[in-house]
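One structure is given here, and the rest of the page talks about it.
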Amino acid sequence: MSVELKRRRTGLAYNEKLTKHFSLWNPDFTEIPKRIEKPYERCQQYQLLERCEPVQSRNATQEEMELLHSKNHIKILKSSTTMTEEELKELSQKSDYIYFHNDSYGSACLALGTSIQLVDDIIEQKVRNGFAIIRPPGHHASRDQFNGYCYFNNAAVAAQNALIKHHMKRILIVDWDVHHGQGTQRFFYDDPRVLYFSIHRYEHGHEWPNLRESDYDYIGRGEGQGYNINVPLNVCGCTNSDYLFIFFNILLPIAYQFDPELIIVSAGFDCALGCPEGEMEVTPACFAHFINLLSPLAGGKLALLLEGGYNLDSLSESVALSVKALLGDVCPVINPTGKPKDSVIESVLNVIKVLRLKWSCLQYQPLLNPGQSSIKTLLPSVSNLNSIFQSPNEENYPLIQECFDTSPDAEEKFGENIARLNTIIQTMKLRKIKYKLAIACNDSQGGRPKHEDIYDKLKENDFWDPCYMFLGGNSCERELTNIVDRVFKDEAQSAITLVSKSGEDEESSITDINSISIFTIIKYCKQQYDTNRILIVDWTDGSSCCKNKERFYDKESILYISLNWSKDVNQGASCSCKTVEKNGFNINIHWKTGDIENGDLIAAFYQLVLPIAYEFSPDLVIISASFNQVNKKEVEYSPSAPCYGHVLQLLRGLADGRLIMAIECDSNSEIISECVVSFSVIQTVR
């Protein structure tokens, strides 16, 4: 297999030797060998292993360990290999939530080396992205401190190695483990090359690790100021809606402005529904959506390293669905999102408050005027600090520490969440799709579409094999219904039809024909497949916006969102709605003046389109597209072809991946082909 084809595969790292490390004296300790065995078995059940490229598991070298950890730290861990049980107990009590075993050093060394290897393979394009199913976890470990089940900091050392060995300039570390990764934060606190982003349970300092530095106002130091981002969750029970709210309002805007060359995820699944330590309620399927939202960044260079997760069922399902997302499979449907918790809104606003001067993408909100109430301060009063925050230099810790709340109320809530989790897993429906993309054409010409540039571009980018080219039929209507059938019968994940004028359409504009095509698709979907909710995203021109608005204005089952432009301020004025009409199902985003570029279009998606679309929860996404404006110097509105690929990837998380795009073909076929390829092969966009 060629290196280029391997690059498009997902790497998967696992080694059963990592199961040798466990607590000799506490069988109820939650960090157990089954934490990697069960997720690996679940990946086998989903038949994912044969689709992935095995990543070599190896021990970290002494030089790699010393990239961030002290010689003494390594020496202490290595000495545990020959200790008696009593000596292991004595050593364990010197660190918070740590046990030592004769195989702890070997397991930690193997987990670290495997993490480095996965990241190396991604950077060197041996694999496109990947997941390391490893233990022990690492994000709590600091230079000379074992902490919270962690010995070596896998994510931090892998990032440091990438900075030095591969001369990376911008690395994004996303940490969605339910506990703050204070070790990772400390390593890069003054380094602007690494952006550390953590979403974690905090509860105003009451939640472990009980550190003041885990709050929102710890944003980095010196040159690194603004590159350390903490989103503290001050209540339990945060759901998909809360986490996606954070993604849309903070993570995605800053990530796109930062423009990382590599993303490392400290993938802790203790924030998943059913985990007793986290007490959060993110469903396993939602992690696939997180990955889908991050995948367009960094040219797809995305490495997930397992951190926490202590309910074996939620952990296993979350890991398997994450691997499927890395493979490019459809994101499972999640329930419609709703209003985030007030506490989460406060945390997000606090983060924006302290970071808005650093990141221009956060400056869409005006500053408060003198005399207005400021954002609520969430820090505890000074008198309570000593009782809330622990000292990091405790001499001795209990040999057996409680890992989660065992109160009757907590036990009752845990039981309810387990029942919900089991129902979700048992009723989840996953599409099995043969082709990634179907492209309709009206003439065969040896299996080639009318616009041969598309065929050539797909072949050039090694994306032809996952595509399905078929004859649309001898009429426009038949072609459109064929497209719908391919998508709803799971022959293809998504589909493209190229809308062009025929001899009998001389009196109709291409805009009229495209509008009629969309209407035909919707009518057939409702009649044949009983489709209840349809999202239309229209990025044609202002005149098309008006025509489509007239067709779908009174349809509450159709959410119509138009992103349109015109150089003439008066053209499209009728559809430049400042209010959202018909109970909010008709939304127009109209740009009239100024240079509209990639960042503007992407910002419209994470600020408006995606939050609304996730709440609407469509059964089908239809895109009405025109690329007359792409790369034309005389047009002010000019997002690039790769930019459209990014927004399409973001939309693919919706509607079980069912997406149909109708492209107006009255523009240069070369531009169309570049855009189609960008939809299929995500490229870097600035």
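Below is a table of values for the structure above.
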{"read-out": "Total residues in the range 288-308, condition open to solvent by 10 Å² or more (accessible area, probe 1.4 Å) and among the charged types (D, E, K, R)", "value": "1"}
{"read-out": "Cross-chain or 6+ apart pairs with Cβ under 8 Å, the range 513-537 first and closer than 20 Å to residue 651 by Cβ, then open to solvent by less than 10 Å² (accessible area, probe 1.4 Å) and among the charged types (D, E, K, R)", "value": "514/664"}
{"read-out": "Index of the failed condition, residue 90 passing every other in (1) within 33 Å of the chain's Cα centre (by Cα); (2) open to solvent by 50 Å² or more (accessible area, probe 1.4 Å)", "value": "(1)"}
{"read-out": "Qualifying residue in the range 559-572 (condition: at pLDDT 85 or above, touching a helix residue (DSSP H, G or I) at 6+ places or on another chain (Cβ under 6 Å) and of a type in the set (Ser, Thr, Tyr))", "value": "yes"}
{"read-out": "Conditions (1) crowded, with 24+ Cβ neighbours inside 10 Å; (2) among the polar types (S, T, N, Q); (3) free of Cβ contacts under 8 Å to residues at least 40 places away in the same chain; number of the one not met by residue 363", "value": "(1)"}
{"read-out": "The range 201-259, subset closer than 21 Å to residue 609 by Cα and among the aromatic types (Phe, Trp, Tyr), residue most open to solvent (accessible area, probe 1.4 Å)", "value": "245"}
{"read-out": "Residue within the range 69-78 that is under 22 Å from residue 166 (Cβ atoms), surrounded by 17 or more Cβ atoms within 10 Å (Cβ to Cβ) and in contact (Cβ under 8 Å) with a residue 12 or more places away in the chain present", "value": "yes"}
{"read-out": "Selection status of residue 496, at pLDDT below 90 and open to solvent by 60 Å² or more (accessible area, probe 1.4 Å)", "value": "no"}
{"read-out": "Residues that are crowded, with 24+ Cβ neighbours inside 10 Å and either of a type in the set (Ser, Thr, Tyr) or within 21 Å of the chain's Cα centre (by Cα) (or both), drawn from the range 111-126", "value": "114, 115, 118, 119, 122"}
{"read-out": "Scope the range 398-414; condition exposed (fewer than 11 other Cβ atoms within 10 Å of the Cβ) and either among the acidic types (Asp, Glu) or closer than 17 Å to residue 238 by Cα (or both); matching residues", "value": "402, 409, 412"}
{"read-out": "The range 609-635: number of residues that are surrounded by fewer than 16 Cβ atoms within 10 Å (Cβ to Cβ) and modelled with pLDDT of 95 or more", "value": "1"}
{"read-out": "Boolean, residue 670 is buried (at least 24 other Cβ atoms within 10 Å of the Cβ), of a type in the set (D, E, K, R), touching a helix residue (DSSP H, G or I) at 6+ places or on another chain (Cβ under 7 Å) and modelled with pLDDT under 85", "value": "no"}
{"read-out": "Considering residues of the range 416-440 that are out of contact with any Asp or Glu (no Cβ under 9 Å at 6 or more places or on another chain) and either among the basic types (Lys, Arg) or open to solvent by less than 40 Å² (accessible area, probe 1.4 Å) (or both) only, the residue nearest to residue 320 (Cα to Cα)", "value": "436"}
{"read-out": "Candidate set from the range 141-190 (those that are polar (S, T, N, Q) and part of a helix (DSSP H, G or I)); member that is surrounded by the most Cβ atoms within 10 Å (Cβ to Cβ)", "value": "154"}
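This table checks each residue for (1) in contact with a Cys (Cβ under 9 Å, 6 or more places away or on another chain); (2) over 20 Å from residue 150 (Cβ atoms); (3) at pLDDT below 95.
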{"site": "11", "(1), (2), (3)": "yes, yes, no"}
{"site": "24", "(1), (2), (3)": "no, no, no"}
{"site": "32", "(1), (2), (3)": "no, no, no"}
{"site": "43", "(1), (2), (3)": "yes, yes, no"}
{"site": "49", "(1), (2), (3)": "yes, yes, no"}
{"site": "64", "(1), (2), (3)": "no, no, no"}
{"site": "84", "(1), (2), (3)": "no, yes, no"}
{"site": "92", "(1), (2), (3)": "no, no, no"}
{"site": "97", "(1), (2), (3)": "yes, no, no"}
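The values are calculated or read from the model by the stated rules, or taken from the named source; none is laboratory data. Values in this document were obtained by computation on a predicted structure and should not be read as measured data. All Cβ positions, glycine included, derive from the backbone under ideal geometry; neighbour counts span all protein chains shown. Remember, those area values only see protein heavy atoms, side chains included, never the ligands or the DNA or RNA. Shrake-Rupley method; radii C 1.70, N 1.55, O 1.52, S 1.80 Å.
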